[in-house]
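For reference, the structure discussed in these notes is given below.
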Amino acid sequence: MSESGKSIFEEGQVLLFNKPIFWTSFDLVNKVRLMIRSNLGIKKIKVGHAGTLDPLATGLLIICTGRATKRIDEFRDLDKQYLATVSFGATTPSFDLETEVDMVYPTGHITPEKVQAALGQFIGERLQVPPLYSAKFIDGKRAYEYARKGEIKEMKPVKVIFREIDLVSFRMPEVKIRLLCSKGTFIRSFARDLGEALESGAYLSALERISIGNFHVDEATDLEKFGLLLQQMKLS
């Protein structure tokens, strides 16, 4: 095998992946690192991702290798676009399907017009309280470490910006919503807040990240295709 395959990844590549559901972002990073090392005979290589996706979310994850890892902060700062499915009539402690429903609420009063009006209230800059079930640090620990032990910690609100919000479909108890927002926005918290704005409860039942800046999920690869590419490089 020529040294070109090794040098390509060591010099730095920006890879677009469609993250599978149930995988953490770190799971995907570790798998990509292992595949590069095992196929190309690289003993050590830097690999990192540019913006976490929850295990229950799918969609675009930017993975950088080698010297391109220096660009991770650049990509993290870009706006993100999501397609979110919000389920009304109940809440969960994690604001998504990671935890069981803890309370139920009426939904008969919710109409497409009321949802549209509520979405309009979110446009612009606002303070958002992150979920306790999140990777935010509190006193040196991830917030979810406290949450999973039943310890309640105060989450400080953070400034986020919603640039665009569109109602895609309305099929109660679920609605689909497209959002374009700033870095650091928790769509789970948005779902919780939307439920409250409509005098009900809501949680995030599905999430796909469509784009990061000008990078789109349609351009992304998956592990099977990436494995085939590495095999071709290995044989060249």
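Whenever a residue of region 57-68 is at pLDDT 95 or above, its partners that are of a type in the set (Lys, Arg) and surrounded by 22 or more Cβ atoms within 10 Å (Cβ to Cβ), lying with C-beta atoms within less than 6 angstrom and at least six residues away or across chains, give the pairs Thr58/Lys19; Gly59/Arg209; Leu60/Arg209; Leu61/Lys19.
Among the residues of region 174-191, at least one is in contact with an Asp or Glu (Cβ under 6 Å, 6 or more places away or on another chain), under 20 Å from Asp54 (Cβ atoms) and assigned to a helix (DSSP H, G or I). Whether any residue in region 47-66 is assigned to a helix (DSSP H, G or I) and not assigned by TED's automatic domain parsing to the domain that holds Asp193 is what I want to check. Among the residues of region 47-66, at least one is assigned to a helix (DSSP H, G or I) and not assigned by TED's automatic domain parsing to the domain that holds Asp193, which makes the answer yes.
Val86 falls short on exactly one of the conditions (1) over 29 Å from Met103 (Cα atoms); (2) crowded, with 19+ Cβ neighbours inside 10 Å; (3) among the β-branched types (Val, Ile, Thr), and that condition is (1).
Can Asp79 be described as closer than 20 Å to Leu179 by Cβ, among the acidic types (Asp, Glu) and modelled with pLDDT under 95?
Working: closer than 20 Å to Leu179 by Cβ: yes; among the acidic types (Asp, Glu): yes; modelled with pLDDT under 95: no.
No: the conditions fail for Asp79.
The values are calculated or read from the model by the stated rules, or taken from the named source; none is laboratory data. Every value quoted in this text rests on a predicted model; they were computed, and no experiment measured them. A quick note on method: Cβ atoms are made from the backbone with ideal geometry, for glycine too, and the neighbour counts reach across all protein chains shown.
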